[in-house]
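Student: This is the structure I want to talk about, given as structure tokens.
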Amino acid sequence: MLGTDIAIDLGTSSIKFYLDGKGIVLREPAVVAVNLDTDTVVATGREAYHMIGRTSDRIQVTYPLFNGVISDFDLARHLITHYLREISGSKVFMPRVVVSVPCEITEVEKRAVVDAISSSNVRKICLIEEPVAAAMGAGIDISAPHGSLVIDIGGGTTDMAVLSLSGISIASSIKTAGNEFDECIIKYVRRKYNLIIGKRMAEEAKIAIGCVYPRRDPLVYRVKGRNAMTGLPQWADITSDEMLEAMIDPAVQIVNALQDLLERTPPELVGDVYEDGGVLTGGSAAIFGFPQLLSRKAKMPIRLAETPEDCVALGAGKAIRYIDEMDKKEYGALNPLSAAY
């Protein structure tokens, strides 16, 4: 186990660890529960996720990452260190790490990611941009002089890029993704049914019947919460057509971002993209109807990757073999990793 290289998909909603030679070994929600009285962490991951909306005033449950970047440095460092120790089972563990980052983050935000990981006995840290990792995880050959479109819809950000020769030709990153869909569902249910529901209930409804394209057979889901007028418990049965109404605004923002990206793409690469189509990855890409909506609006085929939620972690894992080549600068050496620290 000593010196085994690791890839980390550091997502807003979940964190995944890939061990070289073993695949994805850990998937956990990127959530931390803190005791406000003692300022200590009481739970992480799935255990903390089950506390959301159900804590006393002494316990605060937070996501250390917001919109794809670290918003609480200390908690993010605790989260990463906790799981690295869980994977290694020892403290004498000096791996090299590949970590995914959104494609349009600042140098300061990159540095925060590096600093959060470097405190965990790590030899070397390499960054890979999420669209590059997602494309590799989806099985696309990005090393060819050929345009490939990938759209990665995660929890905090939607990253999309046209890739060629192991790098990004043109990219776009917007803060509209899974969390935005949850917020829209909460607002819609409040407006239509006078019912206040929590983030977890909204997320469960989104997973169960959420859609961004009309379903042939409508589905129904019961949401439970509190009546905004009386303060008493209440429930409502909402249909997939109502979910479509609630979720269509953020979906249209993603469509507009894609159209804008294609407008800015060099003509030769656009020709390749229209011929091959695009690939949809990320946890929120599994929402019903996304491939159909994007295909129709972009007027080109767009398919869903086989395991969309795992593509970034798998791609970052495939990029581990390029760590040794980061220092090689000879002619012809193309590397999907963007930086090393």
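The values are calculated or read from the model by the stated rules, or taken from the named source; none is laboratory data. Small disclaimer: the values here were computed from a predicted structure and weren't measured. Note: ideal-geometry Cβ built from the backbone for every residue, glycine included; neighbour counts use all protein chains shown.
Student: For Ser166, which of the numbered conditions (1) in the same structural domain as Gly289 (by TED's automatic domain parsing); (2) surrounded by 21 or more Cβ atoms within 10 Å (Cβ to Cβ) fails to hold?
Tutor: Every listed condition holds for Ser166 apart from (2).
Student: Quick one: is Gln253 surrounded by fewer than 20 Cβ atoms within 10 Å (Cβ to Cβ) and closer than 27 Å to Ser173 by Cβ?
Tutor: Here the answer is yes, as Gln253 does meet what is asked.
Student: Same structure again: Do the conditions hold for Glu245, that is, is it surrounded by fewer than 16 Cβ atoms within 10 Å (Cβ to Cβ) and touching a residue at least 60 places away in the same chain (Cβ under 8 Å)?
Tutor: When the stated conditions are applied, Glu245 does not pass them.
Student: Among the residues of region 1-40, count how many are under 17 Å from the mean Cα position of the chain (by Cα), of a type in the set (A, V, I, L, M) and not in a strand (DSSP E or B).
Tutor: Here the count works out to 2.
Student: If we keep just the residues of region 205-235 that are surrounded by fewer than 17 Cβ atoms within 10 Å (Cβ to Cβ) and among the hydrophobic types (A, V, I, L, M, F, W, C), which is nearest to the chain's Cα centre (by Cα)?
Tutor: Ile207
Student: Tell me, which strands (runs of 3 or more DSSP E) wholly within region 87-188 include 1 or more residues that are among the acidic types (Asp, Glu), free of Cβ contacts under 8 Å to residues at least 12 places away in the same chain and over 20 Å from Ile24 (Cβ atoms)?
Tutor: Answer list for region 87-188: none.
Student: Starting from residues that are part of a helix (DSSP H, G or I) and small (Gly, Ala, Ser), keep the ones in region 256-289 and report whichever is surrounded by the most Cβ atoms within 10 Å (Cβ to Cβ).
Tutor: Ser284
Student: Sticking with this structure for a sec: Could you tell me whether any residue of region 295-313 is of a type outside the set (D, E, K, R) and farther than 27 Å from Gly156 by Cβ?
Tutor: yes
Residue-by-condition table, conditions (1) surrounded by 14 or more Cβ atoms within 10 Å (Cβ to Cβ); (2) among the hydrophobic types (A, V, I, L, M, F, W, C):
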{"residue": "Ile15", "(1), (2)": "yes, yes"}
{"residue": "Gly21", "(1), (2)": "no, no"}
{"residue": "Glu28", "(1), (2)": "yes, no"}
{"residue": "Val32", "(1), (2)": "yes, yes"}
{"residue": "Gly45", "(1), (2)": "yes, no"}
{"residue": "Leu65", "(1), (2)": "yes, yes"}
{"residue": "Arg77", "(1), (2)": "yes, no"}
{"residue": "Leu84", "(1), (2)": "yes, yes"}
